[in-house]
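Reading through the structure tokens given below for one structure.
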Amino acid sequence: ISEDDVINSIDSISEKADNLLANPPMFALDALSKAAKKDLKVILGGGGGDELFFGYPTWKADWLFKYWRFLPESIRRVCGGFSQLLPVDYSPHSLSYVLDKFCSCTTSDRKSAHAWWRTVIVEDELTRLNSDFEDQWDRVYEQAYAFSAERSENFIRQTAVADLNVWWQGMGLYLTDVIP
């Protein structure tokens, strides 16, 4: 889609959206829906595939975290300081963002760490926005993990089920149900 497509669809998307969710795929989904509407009634997408087939970098962070959490605090601080020396890059999975995100995780609990990887804003920014926000996020994931633990003892499977319950109920289904 072009810049003009985005500009021309902002009003339409804003009218359809009934909350403050702002996600760039909304524009692509809107364009796809308009193009498909001419000939098709139903479109099958690939949404949820990353959660089902472990496609997000968060699962790589989970694997590395098994070892990271046992390193001395001094070594983890040095790595965190190194992340601050990298040039800022705003692309989704840039080294500066990923390293900063990974090193800023203060928990030693794997489930809480996984939830942390799934956030976009780092801890000090969350605190400035709302001191209770992190606790609220943890509660949402705690509920999702309780549900997933009933279905599997495998940690990786539990994270996939938790992500489906948190992300797809809160964002993915919303995008595909509201925007088209």
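The values are calculated or read from the model by the stated rules, or taken from the named source; none is laboratory data. In this text the structure is predicted, and so the values were computed from the model without any measurement. All Cβ positions, even for glycine, are placed from backbone atoms using ideal geometry, and neighbour counts span all protein chains on display. Accessible surface areas use protein heavy atoms only, side chains included; no ligands, DNA or RNA. Shrake-Rupley method; radii C 1.70, N 1.55, O 1.52, S 1.80 Å.
The residue of the stretch 41-76 that is nearest to S12 (Cα to Cα), among those that are of a type outside the set (A, V, I, L, M) and open to solvent by 100 Å² or more (accessible area, probe 1.4 Å), is K41. Note on the stretch 87-107: residues that are surrounded by fewer than 16 Cβ atoms within 10 Å (Cβ to Cβ) and not small (G, A, S) amount to 9. Restricting S83, S14 to those that are out of contact with any Ser or Thr (no Cβ under 8 Å at 6 or more places or on another chain) and free of Cβ contacts under 8 Å to residues at least 40 places away in the same chain reduces the list to S14. When A146 is tested against (1) modelled with pLDDT of 80 or more; (2) touching a Leu at 6+ places or on another chain (Cβ under 7 Å), exactly one condition is not met: (2). Take the conditions under 26 Å from T107 (Cβ atoms) and out of contact with any Asp or Glu (no Cβ under 7 Å at 6 or more places or on another chain) and apply them to K60. Does it pass? Spelling it out, K60 is indeed under 26 Å from T107 (Cβ atoms) and out of contact with any Asp or Glu (no Cβ under 7 Å at 6 or more places or on another chain).
Of the residues making up the stretch 7-40, those that are open to solvent by 40 Å² or more (accessible area, probe 1.4 Å), farther than 12 Å from L175 by Cα and at pLDDT 85 or above are I7, N8, I10, D11, L32, K34, A35, K37, K38, D39, L40.
Can you report the number of residues in the stretch 20-53 which are of a type in the set (D, E) and closer than 11 Å to I1 by Cα?
First, pick out the residues of the stretch 20-53 that are of a type in the set (D, E): 30, 39, 50-51.
After this cut, where a residue has to be closer than 11 Å to I1 by Cα as well, the list is 30.
Looking only at that region, the number is 1.
For the stretch 10-25, filtering for residues that are over 20 Å from N165 (Cα atoms) and either among the polar types (S, T, N, Q) or outside any loop (DSSP other than H, G, I, E, B) (or both) leaves 7.
Could you run through the stretch 149-180 and say how many residues are assigned to a helix (DSSP H, G or I), of a type outside the set (S, T, N, Q) and over 21 Å from W116 (Cα atoms)? Show your work before the answer.
Here is the first cut: in the stretch 149-180, the ones assigned to a helix (DSSP H, G or I) are 149, 155-178.
Now drop any that are not of a type outside the set (S, T, N, Q), which leaves 149, 155-157, 160-164, 166-168, 170-175, 177-178.
So of that shortlist, the ones also over 21 Å from W116 (Cα atoms) come out as 173-175, 177-178.
Total satisfying the criteria: 5.
Note on the stretch 154-180: residues that are polar (S, T, N, Q) and surrounded by 15 or more Cβ atoms within 10 Å (Cβ to Cβ) amount to 4.
From the list R139, R118, R151, R110, exactly one residue is modelled with pLDDT of 75 or more, open to solvent by 40 Å² or more (accessible area, probe 1.4 Å) and under 21 Å from K66 (Cα atoms). Which is it? Criteria check complete, one pass: R110.
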